[in-house]
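A quick write-up on the structure given underneath.
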Amino acid sequence: MSLPLRAQTAKPLQVVASFSLLADMAREVAGDAAEVHSLVGPNADAHVFEPRPSDLQRLARADLVVVNGLGFEGWIDRLVRTSGYRGPVVVASDGISPRRLGRAIDPHAWQSLVHAQRYVENIRAALERAAPAQAAALKARAAAYTARLVELDTEC
């Protein structure tokens, strides 16, 4: 099946995720509709992240920024502001009720597969707003990814 000419030539969205797990989720949902980059790579610690000038440049050129929220990235607001980025920032954890550790909130909400499903939905909605022509494909990939998460959750 051939895609319409516009879909074949459309420039992919530039998406920047705060850390690798969110980048993985965004890639699953976006497919070829976006190039997804992570500020904090795999096996790196987001709690001690120190941005490089290239991180600021990448943020400045982004179409969408994906963050965890819940205080996980204490550095992200200042970094986004410093970069000059003015586009949308999606908080993947919006709409969940996080676990509490005493009085503090546990920001690692993605560790719950139920919460991870909400992350996928929030990312899908933000991608769809940024690339409405890709809505059907984004919905299909998000639904397939969510189905895998549900299956994993029932296996646990």
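The values are calculated or read from the model by the stated rules, or taken from the named source; none is laboratory data. What you see is a predicted model; the values in this text were computed from it and never measured. Because the Cβ atoms are built from the backbone with ideal geometry, glycine has one as well, and the counts that use them run over all protein chains shown. For the accessible areas, the whole protein counts, side chains as well, though only heavy atoms, and no ligand, DNA or RNA atoms are used. Shrake-Rupley method; radii C 1.70, N 1.55, O 1.52, S 1.80 Å.
Annotations for the structure displayed:
- For region 27-69, the tally of residues that are of a type in the set (A, V, I, L, M), touching a residue at least 12 places away in the same chain (Cβ under 8 Å) and open to solvent by 80 Å² or more (accessible area, probe 1.4 Å) stands at 0.
- Lone qualifier among VAL90, VAL114, VAL120 - being of a type in the set (Val, Ile, Thr), under 16 Å from ASP24 (Cβ atoms) and either free of Cβ contacts under 8 Å to residues at least 60 places away in the same chain or surrounded by fewer than 16 Cβ atoms within 10 Å (Cβ to Cβ) (or both): VAL90
- Checked against the criteria, ILE105 does not count as closer than 21 Å to VAL91 by Cα and open to solvent by less than 20 Å² (accessible area, probe 1.4 Å).
- So ASP77, is it open to solvent by 70 Å² or more (accessible area, probe 1.4 Å) and closer than 19 Å to ARG124 by Cβ: no
- Answer residue from region 123-156, given it is without any contact (Cβ under 8 Å) to a residue 24 or more places away in the chain and of a type in the set (D, E, K, R) and is most open to solvent (accessible area, probe 1.4 Å) among those: GLU155
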